[in-house]
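Asks: Mind looking over this structure? Questions follow.
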Amino acid sequence: APGALSPHAKLVGNGHLTNGTPSTSTERIQIVDDEKKFTPNLASQIEQWGLRDAGFNYNVVAVFGSQSTGKSTLLNRLFGTTFDVMDETKRQQTTKGIWMCRGKDMNVLVMDVEGTDGRERGEDQDFERKSALFSLASSEILIVNLWEHQVGLYQGANMGLLKTVFEVNLGLFGKKTQDGTNGRTLLLFVIRDHIGVTPLANLQATLTSDLTRIWESLAKPAELKDRQLSDYFDLAFTALPHKILSADKFEAEVQTLRRRFVNKTSEDYLFKPAYHKRIPADGVAFYMEGIWEQVQTNKDLDLPTQQELLAQFRCDEISAVALAEFNEQAKSQRRPVESGKVVEGLGALMRNWRTDALTRYDRDASRYHKGVYGRKRADLIASLDSTLSSLFLGQLKNLHKLCLVTFKKEMLDGLHGETYDFANVVSKAQARCEKTFSDGAKEALVDGTDWVWEDELELLKEEVRAVADQCRKDETKKMLNLIERNFKKHISEPVELALNKANSEMWDDILRTFRETLNKAETTYSTKAKSFNCTDEENVTSLAALRKRAWLALRAKIDEQTTDPVILGKLRGHFEERFRYDEHGVPRVWKPEDDIDSAFKKAKDETLELVPLYSKISPVDSSLEYTLPSETTDALSTEEFDFPSTLVVFTETKALELTNKFRRDADAYYVEAKRSTVASIAQ
Ligand code: GDP
Ligand code: MG
């Protein structure tokens, strides 16, 4: 954490600790410590230096050379860095491990590498070799720092170091250099304390021939045996005067050299594009750590693999950031969609989120290994699309529900009143429903996906059809009920009249009325059913139901007119008409000489003849006989229906019972008649 006193605490200037305050560009960081551990803080340091988003617009330089040859001093002068310089009074080695600074006011990462000196340290050259590998894999320029008097000394530490550098380079870039992209490195020799007696050109020639000799002495793999030093390295040479003896000249020359690192337009600009290792700035920390890890564990350092690993790591990170932002956006519409809402313009929103996420990903990730970048992009698209797809499906589902509800409502509104054309109402509502759905579904589509909405439309169409069917059935039912009510109204009076008349053609009259009224009802049905688009089968069923219900209505009317009190009333009336009135309809006043007994018997017998007439629906004219199939089904009732039995009004038992009841009534009239004659005599 910033400000904490950890081994990675950042030192500024003369070693003062920063306290989490805004960074200055000269903060330094020890990327590899004296225990050869790589820092976990490089990425955040690069971010603090403001280089994270530099892409490829940055450079890396490292220094090599024996201990105490003024390397740190040189870097500080050249790049405005703050590396430790050996304290003159103590003369101890100061630089441990590898340090890094950002060049002041320049996009340069500068690495100060621990100097080696086999003579003094008597150590194996493990660290030397490892730091050489590390520097070569990450730097564009290696500054090789040496005293003038070291030039030409084969035994010197420098030559051993260079041999290491060359060997390492072959291992790293041997096969890759042909494409010339990331294998090339500039070796910049800086000759220190140049007195001037020997011209730079001579020193350069000596060094070059030494280098060539070393190159030739290398044990190269067979397939690389013809490779030249110049296939891998550019060489540059410069000399600096004595820092103390010619202080002014030294400063001037350092400034001249500095300009070659800074001035991109100058002819001798040192950071040539060919040297760039093509690691995007936001991946440098991870890349370097990976390289060090490999170096440290003595594994073969395979740069293409490292770059692929880097690409995988960074592309994952970049993708995760893009996905997180995308998910945040998508979340805003998840709840509305899940709660059943049709989100207006959801397609446009989704297309924007998707494009934004991919643009963000492409901006940062496209700098990495193409294959990895592409694969991770496909993964990202799959994640985006799976989220979007569930929103899309939710939207379809909600749209489907909404369209169906709207359709039902339109049907209800349309079927209001008396004069609607059913088929017309249905087809209009149907067309509107399908169009609303299709338009909404198309809006929600996202380019580049293989989403389909047509299946959902088919489901909707089916449901719409089912609703329309149900509506038609309901409407048909309502119509049948209406027709039935009308039918009842129309038969009521004629049936009553006919049953009151009670003559032998009573049933003929009733059945004639029944048929006429039923014919009218059937015509009414057929006319209306046309606009309902009813199927033939439905028409057959409806008409059969109509006939059955008409018949049952007739029977109900007959039952109503033949309940015990009513039928007994009718019989009594019939009898009275004959017994108590004469043929002119004048009430009889019985005289003793009248034949009451015969009159009574005649009236009674005539009346009793009516009982069998009422008992069965049976016209004289057989063409008026009516019949219905017994199995007739009616959506309204599942009652058993046995037509022949409906022709029977009174069973034999019932008829007998009525006869007996009537006889008792008639007897009462007879007694009353007898009494009246007695009374008249008595007066
Ligand atoms: P490093 O170990 O290579 O990083 O060397 P330093 O930069 O720490 O310097 C080691 C010592 O050499 C210090 O005392 C410096 O003052 C001194 N020094 C630096 N540059 C020069 C130079 O150009 N010539 C001479 N003679 N001494 C130098
Ligand atoms: Mg140093």
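Read-outs: derived from the displayed coordinates by stated rules, not from any lab. Quick caveat, the model's predicted, so the values are computed rather than measured. Reconstructed Cβ throughout: ideal geometry from the backbone, glycine too, with neighbour counts over all protein chains shown.
Asks: Could you give me the radius of gyration and the Dmax of the chain, taking only the C-alpha atoms into account and expressing both in angstrom?
Replies: 56.9, 189
Asks: Using the Cα centre of the stretch 333-387 as origin and beta-carbon charges of +1 (Lys, Arg) and -1 (Asp, Glu), tell me which of Tyr361, Ser339, Ile381 is placed farthest towards the positive end of the dipole.
Replies: Toward the positive end, the furthest listed residue is Tyr361.
Asks: Same structure again: Mind checking the alpha-carbon convex hull of the stretch 455-494 and giving the volume per residue in Å³? Each step should come with its number before you reach the end.
Replies: Details: hull volume 1.0 nm³, N = 40.
Cα-based convex hull of the stretch 455-494, divided per residue, equals 24 Å³.
Asks: For an R0 of 41 angstrom, estimate the FRET efficiency from the Cβ-Cβ distance between Tyr269 and Ala378 and round to the nearest 0.05. Walk me through the numbers before you get to the answer.
Replies: Working: r = 40 Å, r/R0 = 0.97.
The pair Tyr269/Ala378 has a calculated efficiency of 0.55.
Asks: Using a cut-off of 12 Å between beta-carbons, work out the net charge of the residues near Lys37 (Lys and Arg +1, Asp and Glu -1, Lys37 not included).
Replies: -3
Asks: Now a separate question. On a 22 Å Cα-Cα criterion, which of the cross-link pairs Lys341/Lys442; Lys130/Lys243; Lys163/Lys249; Lys488/Lys528 come out too long? Let's see the in-between values first.
Replies: Values: Lys341/Lys442 17 Å; Lys130/Lys243 31 Å; Lys163/Lys249 32 Å; Lys488/Lys528 19 Å.
Beyond 22 Å between Cα atoms: Lys130/Lys243; Lys163/Lys249.
Asks: Further question on the same structure: Gain in length, Phe643 to Gln296, computed as 0.36 nm per residue apart minus the alpha-carbon separation, to one decimal in nm?
Replies: Difference between extended and current length: 114.5 nm.
Asks: A follow-up question, please. Please give the contour-minus-distance gain from Lys341 to Asp595: 0.36 nm per residue of separation, less the Cα-Cα distance, rounded to one decimal in nm.
Replies: Stretched fully, the Lys341-Asp595 segment lengthens by 81.9 nm.
Asks: Which one, Val61, Asn519, Ile567, projects farthest toward the positive side of the charge dipole computed for the chain from Cβ point charges (K/R +1, D/E -1)?
Replies: Val61
Asks: Which whole number of Å³ per residue matches the convex hull of the alpha-carbon atoms in the stretch 568-628? Please list the in-between numbers first.
Replies: Details: hull volume 6.9 nm³, N = 61.
About 113 Å³ per residue, rounded to a whole number.
Asks: Just how many % of Cα pairs in the stretch 248-326 lie over 20 Å apart, if you round to the nearest whole percent? Intermediate values should be presented prior to the final figure.
Replies: Details: 1745 of 3081 pairs.
For the stretch 248-326, the share of Cα pairs beyond 20 Å comes to 57 percent.
Asks: Let me ask something else about it. Hey, got a sec? Which chymotrypsin sites (Phe, Trp or Tyr not before Pro) in the stretch 183-286 land in a DSSP loop and have at most 13 other Cβ atoms within 10 Å?
Replies: Listed in order of number, the matching sites are Tyr269.
Asks: Using a 7 Å offset from the Cα along the Cα-to-Cβ direction at both Arg512 and Thr677, what is the distance between the two label points in nm, to one decimal?
Replies: The two pseudo-label positions are separated by 4.3 nm.
Asks: Share of antiparallel DSSP beta bridges in the chain, in percent to the nearest 5? Can you show the working numbers first?
Replies: On the way: 16 of 40 bridges.
About 40 percent, rounded to the nearest 5.
Asks: Which helices, taking whole DSSP H runs in the chain, have alpha carbons extending 30 angstrom or more along the helix axis plus mean Kyte-Doolittle at least -0.5?
Replies: 370-414, 536-560
Asks: Please work out the Kirkwood hydrodynamic radius for the stretch 395-465, using every pair of different C-alpha atoms, and report it in angstroms with one decimal place.
Replies: 12.9 Å
Asks: Moving to a separate point now. Filter the GluC sites (Glu not before Pro) in the stretch 248-313 to those in DSSP coil with at most 13 other Cβ atoms within 10 Å of their Cβ, and list the result.
Replies: On the way: sites: Glu251, Glu253, Glu267, Glu289, Glu293, Glu308; in loops: Glu267.
Sparse-neighbourhood loop GluC sites (Glu not before Pro): Glu267.
Asks: Shifting gears a bit: Assuming R0 = 25 Å, what is the FRET efficiency of Thr355 and Lys428, from their Cβ-Cβ distance, to the nearest 0.05?
Replies: 0.05
Asks: If you place +1 on the Cβ of every Lys and Arg, -1 on the Cβ of every Asp and Glu, and leave all else neutral, what size is the dipole of the chain about its Cα centre, to the nearest 20 Debye?
Replies: Rounded to the nearest 20 debye, it is 1780 debye.
Asks: Give me the net charge for the shell around Val337: Cβ to Cβ below 13 angstrom, other residues only, Lys and Arg +1, Asp and Glu -1.
Replies: Working: positive: Lys331, Arg334, Arg335, Lys341, Lys397, Lys401; negative: Glu338, Glu344.
Around Val337, the charge tally is +4.
Asks: Sum -39500 (n - 2.57) across every DSSP H segment of at least 4 residues in the chain, then divide by the residue count to get the 222 nm mean residue ellipticity, nearest 500.
Replies: The helix-only estimate for the chain comes to -19500 deg cm²/dmol at 222 nm.
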